[in-house]
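Only one structure is covered here, and it is reproduced in the block below.
The values are calculated or read from the model by the stated rules, or taken from the named source; none is laboratory data. Because the structure is predicted, anything quoted here is derived from the model rather than measured. Using ideal geometry, Cβ is built from the backbone for each residue, glycine included, and neighbour counts are taken over all protein chains shown. Protein only, heavy atoms only, side chains kept; ligands, DNA and RNA dropped before computing areas. Shrake-Rupley method; radii C 1.70, N 1.55, O 1.52, S 1.80 Å.
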Amino acid sequence: MKQQILADTAAAKTPEQVEQVRIKYLGRKGLVTNFAKNADFGKFSPEEKKNFGQELNALKIFAAEKIQEAAERAAAADSVQTNKHRQADLSVPATGNYKRSGSAHPIAHIQAELETIFEGMGFCVLDSPECETEYGNFESVNIPADHPARDMQDTFWLQNEMVLRTHTSANQVRALKRFGAPFRGIFPGRCFRYESIDPSHENTFFQCEGLMVDKGISVANLIGVMKTLLGEIFKREVKVRLRPGFFPFVEPGFELDLNCLFCGGKGCATCGDGWMELIPCGLVHPNVLHNAGIDPNEYSGFAFGVGLTRLAMMNFGIRDIRYFNSGDVRVLEQFRPLV
Ligand code: FA5
């Protein structure tokens with residue numbers, strides 16, 4: 001019987017032929033299924049009955065295994081054959097019981113929200129490269145080679161002398177050169193710094209730069225836009241403080257800090273002293289306008305660099321920045337997909 005099974009399964013090349021073999025041996029009236037019926041049990045000694053049972057079980061397992069192997073061979077051959085003639089149609093909805101659906105990363109959510117808010121204020125949204133020239137990242141925004149401000153941002157230098165951008169400000173001059181003045185735009189994106197990591201510092205994090213250049217732009221415009229932004233994001237009154245801040249590409253420069261929403265300003269592991277440094281900003285330095293070919297006597301502007309990852313922390317109540325890059329499904333699945 002085993003020899004016969006081996007010969008039949010070897011000869012079965014298509015899924016239909018394998019099915020015929022299965023019916024022949026393991027079907028309701030199959031040869032293996034009914035093998036015991038033909039045996040004259042009455043004449044068997046207890047020892048013989050036991051041996052017979054064991055042999056029959058082994059035969060069933062043998063037949064099932066060989067038929068399974070043949071089915072797999074036939075299915076593989078069948079799909080190769082079929083795919084030769086048919087391209088997969090990826091637009092067909094998946095069948096089956098898929099319980100898990102994907103979700104969007106919290107950064108994608110906050111970025112989409114910012115884009116909507118700024119589009120509502122007439123800003124365009126620009127994409128920008130993560131890999132920058134030294135000129136783009138530093139010199140274009142008024143940070144020459146020997147300027148101590150370069151040390152404020154520890155940098156990943158690449159072997160081809162480019163840098164992983166340390167801030168989205170690297171796109172200011174590119175955008176102004178391309179679109180000229182007047183200009184209103186934001187450029188969200190990933191930034192990189194050679195940082196030691198703690199609950200609020202990552203080496204890979206997101207910022208969203210904003211830039212508005214027009215005639216007669218002042219600090220009042222800047223504050224108005226910042227207020228609109230925070231009001232729309234948090235949908236409640238939040239406490240902020242504005243203090244002087246130094247950045248070579250703005251004059252005057254400010255730091256806008258958010259009163260920590262985790263500890264209410266008392267100080268905690270996430271914020272340190274009760275304030276989260278969130279949006280550095282200021283009026284665009286005349287040198288930057290000049291680098292972009294715009295006359296600083298005619299135009300002025302403001303710029304800001306929202307810490308997008310930190311904004312997401314505050315907005316979603318994520319206490320530790322390390323969750324963002326962890327790829328932990330338990331974090332991600334709490335967010336819905338973007339529509
Ligand atoms: C800048 O990067 C300036 N380019 C911002 C700017 C733009 C100032 C336009 C003026 C005008 P700063 O190094 O402070 O500034 O970073 C901006 C924000 O990015 C910070 O407030 C913080 O929210 C976020 N950030 C900076 N470093 C990290 C880090 N290692 N991990 C997470 N977020 C960070």
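Here are some pairs, K29/K49; K24/K60; K24/K66; K235/K266; K239/K266; K177/K227; which of them have Cα atoms lying more than 24 Å apart in this structure?
K177/K227
Relative contact order for the range 60-200: what percent, with Cα pairs under 8 Å and sequence separation of 6 or more?
24
Under 8 Å for C-alpha pairs, at least 6 residues apart: give me the relative contact order for the range 2-86, rounded to a whole percent.
45
Return, in residue-number order, each cysteine of the chain whose C-beta is not under 4.7 Å from any other cysteine's C-beta.
Cysteines of the chain left without a disulfide-compatible partner: C124, C131, C191, C208, C281.
If the cut-off is a Cα-Cα distance under 17 Å, which aspartates and glutamates reach K50, setting aside same-chain residues fewer than 8 apart in sequence?
Here the aspartates and glutamates satisfying the reach criterion relative to K50 are D40.
Round to the nearest 10 and report in Å² the accessible area of R243, as given by a 1.4 Å probe over the protein chains' heavy atoms.
Here the residue's solvent-accessible area equals roughly 80 Å².
Please arrange H109, H290 by accessible surface area, largest first, computed with a 1.4 Å probe and ligands excluded.
Result, largest first: H290, H109.
Ignoring ligands and nucleic acids, what accessible area does S103 show with a 1.4 Å probe (Å², nearest 10)?
Its heavy atoms expose roughly 50 Å² to the probe.
Using just the helices of the chain, give the 222 nm mean residue ellipticity in deg cm²/dmol: DSSP H runs with n ≥ 4 each add -39,500 (n - 2.57), and the total is spread over all residues, rounded to 500.
-11500 deg cm²/dmol
Output the relative contact order of the chain, whole-number percent, from Cα pairs under 8 angstrom with separation of 6+ residues.
Dividing the mean separation by the residue count of the chain yields 16 percent.
Between the range 299-339 and the range 21-86, how many Å separate their Cα centres?
With the range 299-339 and the range 21-86 each reduced to a Cα centre, they are spaced 58 Å.
Using a 1.4 Å probe and ignoring any ligands, DNA or RNA, find the accessible area of D214 and quote it in Å² to the nearest 10.
50
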